[in-house]
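Working notes for the structure below.
The values are calculated or read from the model by the stated rules, or taken from the named source; none is laboratory data. Since this is a predicted model, take the numbers as computed values, not measurements. When we count neighbours, we look across all protein chains shown, and the Cβ atoms used for this are built from the backbone with ideal geometry, even at glycine. For accessibility, only protein heavy atoms count, side chains too; no ligands or nucleic acids. Shrake-Rupley method; radii C 1.70, N 1.55, O 1.52, S 1.80 Å.
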Amino acid sequence: VTHVRRYYVDSIAQPELFEKAMTGMLDELGDPHTLYLNPDRLKRLNETTSGNYTGLGIQVDVRDGLPTVLASLPGGPAEHAGLQSGDRMLEIGGKATRGLTPEEVRALLRGQAGSTLVALIERPGVPTPFPVQVTRGEIHRRAVRRSALLADGVGYIDVKVFSDSTQLEVSQTIDSLTSAGMTSLILDLRGNLGGLLAQGVGVADLFLDQGAEIVAIKGRMPEANATLSDQSPQRWPNLPIVVLVDDGSASASEIVA
């Protein structure tokens with residue numbers, strides 16, 4: 001690092017050099033699960049594992065070059081401000097949005113809780129664009145994104161992530177569906193890339209007999225080796241279950257399946 005800082009043709013700050021060295025060293029290990037997380041990447045990881053972030057509470061995708069609202073979180077800041085599915089954001093905070101990447105759009109939408117953002121909206125059926133002011137708030141992204149009671153007493157739960165509330169959300173949702181008449185369950189883990197190991201174990205614990213082995217973990221250090229087993233009796237012993245997985249189901253999803 002010192003040699004590069006002294007003799008490289010361009011001037012590079014020492015903290016940046018150390019970050020590049022750390023990134024390169026871990027990348028050379030060839031392990032996709034071993035990498036350096038800078039503060040921004042760590043923040044995004046924490047948002048995934050906690051389900052909490054500060055923002056507007058909307059799902060946005062870039063369509064035809066413009067960020068478009070796909071859905072608003074029920075009860076969230078965007079819904080309270082009147083944003084609707086199909087709204088196209090021509091400007092965010094006075095900045096034109098055409099051609100921005102999804103990551104750039106997300107950066108414009110995020111901010112401190114309580115701060116305001118003005119977006120210029122183009123809405124189908126409305127002749128001229130109009131401004132909408134939204135106050136950012138604390139958002140909790142639920143692990144159970146969808147649930148429903150289908151025909152013949154079949155319950156459906158779509159679990160999208162194993163964050164720190166997944167076990168509780170799955171348990172509460174099953175209790176609610178059971179009270180509504182559910183007699184069998186479809187647990188949808190398709191596209192669920194996993195998350196917290198403890199939450200995967202906790203969800204499996206809901207469905208297995210006490211003492212049943214759930215997963216064994218192994219590592220170089222003695223404390224990294226353990227067998228995790230079911231700690232409590234089955235909550236719903238007579239509930240038939242179908243688990244849906246695909247090639248996007250990984251980590252904690254595989255443990256549960």
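General observations
- Of all the criteria given as (1) open to solvent by less than 60 Å² (accessible area, probe 1.4 Å); (2) of a type outside the set (A, V, I, L, M, F, W, C); (3) under 23 Å from TYR156 (Cβ atoms); (4) out of contact with any helix residue (DSSP H, G or I) (no Cβ under 9 Å at 6 or more places or on another chain), the one not satisfied by PRO240 is (1).
- Only one of the numbered conditions (1) among the hydrophobic types (A, V, I, L, M, F, W, C); (2) in contact with a Phe, Trp or Tyr (Cβ under 7 Å, 6 or more places away or on another chain); (3) free of Cβ contacts under 8 Å to residues at least 40 places away in the same chain; (4) farther than 19 Å from VAL243 by Cβ is violated by VAL118, and that is (2).
- Selection of segment 122-135 for residues being in contact with a helix residue (DSSP H, G or I) (Cβ under 8 Å, 6 or more places away or on another chain) and either in a loop (DSSP other than H, G, I, E, B) or open to solvent by less than 80 Å² (accessible area, probe 1.4 Å) (or both) yields VAL132, VAL134, THR135.
- Flag for THR2 being at negative phi, among the β-branched types (Val, Ile, Thr) and without any contact (Cβ under 8 Å) to a residue 12 or more places away in the chain: yes
- So ALA204, is it open to solvent by 30 Å² or more (accessible area, probe 1.4 Å), among the hydrophobic types (A, V, I, L, M, F, W, C) and farther than 19 Å from GLY153 by Cα: no
- Restricted to segment 149-160, and to residues there that are of a type outside the set (A, V, I, L, M) and under 23 Å from SER50 (Cβ atoms), the residue that is surrounded by the fewest Cβ atoms within 10 Å (Cβ to Cβ) is ASP158.
- Single residue of GLU104, GLU138 found to be in contact (Cβ under 8 Å) with a residue 60 or more places away in the chain, surrounded by fewer than 19 Cβ atoms within 10 Å (Cβ to Cβ) and not in a loop (DSSP other than H, G, I, E, B): GLU138
Okay, residues lined up against (1) surrounded by 12 or more Cβ atoms within 10 Å (Cβ to Cβ); (2) under 30 Å from PHE130 (Cα atoms); (3) touching an Asp or Glu at 6+ places or on another chain (Cβ under 8 Å):
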{"site": "THR23", "(1), (2), (3)": "yes, no, no"}
{"site": "LEU35", "(1), (2), (3)": "yes, no, yes"}
{"site": "LEU42", "(1), (2), (3)": "no, no, no"}
{"site": "GLN59", "(1), (2), (3)": "yes, yes, no"}
{"site": "GLY99", "(1), (2), (3)": "no, yes, no"}
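- Residue tally, condition over 29 Å from MET182 (Cα atoms), among the polar types (S, T, N, Q) and without any contact (Cβ under 8 Å) to a residue 12 or more places away in the chain, over segment 206-257: 1
- Search result, residues across segment 29-48 that are in contact with a helix residue (DSSP H, G or I) (Cβ under 9 Å, 6 or more places away or on another chain) and closer than 19 Å to GLU103 by Cα: LEU37, ASN38
- Within segment 161-180, the set of residues being open to solvent by less than 40 Å² (accessible area, probe 1.4 Å) and not β-branched (Val, Ile, Thr) comprises PHE162, SER163, SER165, GLU169, SER171, LEU177.
- Looking across PRO77, PRO124, one residue alone is touching a residue at least 12 places away in the same chain (Cβ under 8 Å) and under 25 Å from ASP164 (Cα atoms). It is PRO77.
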